[in-house]
Structure formats: structure tokens, C-alpha cells
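The values are calculated or read from the model by the stated rules, or taken from the named source; none is laboratory data. Just so it is clear, the structure is predicted and the values come from calculations on it, not from any experiment. Positions of Cβ are generated from backbone atoms using ideal geometry, with glycine treated the same way; all protein chains shown enter the neighbour counts. For accessibility, only protein heavy atoms count, side chains too; no ligands or nucleic acids. Shrake-Rupley method; radii C 1.70, N 1.55, O 1.52, S 1.80 Å.
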Amino acid sequence: MGLIQDEWRADAKAILEEIPKAVAVRHGSGATTAFNVLLGAPMVQQDMETGGFLDSASYEVKFHVEDIAAHPGVVVVGNLIDYIGKAFRIVAVNPRTESAWLIVRVQTKAGPA
């Protein structure tokens, strides 16, 4: 790995030590794995579903690649992330080559608006 990528990973670790958010990823037969992550601001939208509009909230979640490497197969599309007492489904994964972060999008839906 290049020198700059090593520096990015070290910087990302330092950021996680300063402003982490604790989440648990549910996988397999209900087992959970804890991670410290960075979370973007929630995005709220409305989707037209049978029975009316449903509010949908999504977050961008950044996992450090070294944490992901230590727990392969845990942060994948379809698994659930528990955060602030709610379950969010991983709906997209953005693996960026040589990045310090694995970025995922998580989403949940509330009741009719």
C-alpha cells in the first residue's frame, strides 16, 4: 500500500477516536458485531406506498476499512444496523479501492405520514 493511503487510514482512525458513533450490525443468525463509525446527517423523504405516503430516513455510514477487514462478511447489503434504538437496513455499499472508509447507505421506513 502507498504512503498516502497509510496516512489516510491513520487519519481516519484518529477521527473515529474523536467523534465516534457506536452501532451494532446484526448478521447471520441474529449475532451482532459492534463498530464505531461516522454518520452523516439523516435524509428524510416520502415514498408513495400502498396505503399512502411513508416517511423514509437514510444515513450515510462510514466504517474504517481495518474494522471491516477484521469482520469480513458482516457489513453487507441486507444486514441491519442498530443505532439510536432503531434498526436500519444496509441498502447500498460503496467499496472504494484504497480508501480509508467503506461507505454504506442505511434506510428505515416509518408509518404513514
For the range 1-42, which positions are open to solvent by less than 50 Å² (accessible area, probe 1.4 Å), closer than 20 Å to Ser58 by Cβ and aliphatic (A, V, I, L, M)? Val23, Ala24, Val25, Val37, Leu38, Leu39
Does Gly85 qualify as being touching a strand residue (DSSP E or B) at 6+ places or on another chain (Cβ under 7 Å), at positive phi, at pLDDT below 90 and not hydrophobic (A, V, I, L, M, F, W, C)? no
Taking only the range 84-105 into account, find how many residues are over 10 Å from the mean Cα position of the chain (by Cα) and touching a residue at least 24 places away in the same chain (Cβ under 8 Å). 5
The lone exception for Ala69 - which of (1) of a type outside the set (D, E, K, R); (2) crowded, with 18+ Cβ neighbours inside 10 Å; (3) within 30 Å of Leu3 (Cα to Cα) it fails: (2)
Only one of (1) in contact with a strand residue (DSSP E or B) (Cβ under 9 Å, 6 or more places away or on another chain); (2) surrounded by 14 or more Cβ atoms within 10 Å (Cβ to Cβ); (3) in contact (Cβ under 8 Å) with a residue 24 or more places away in the chain fails for Gly51. Which number is that? (2)
Among the residues of the range 81-101, is there at least one that is in contact with a helix residue (DSSP H, G or I) (Cβ under 9 Å, 6 or more places away or on another chain) and among the hydroxyl-bearing types (Ser, Thr, Tyr)? yes
Selection status of Ala24, under 22 Å from His71 (Cα atoms) and of a type in the set (A, V, I, L, M): yes
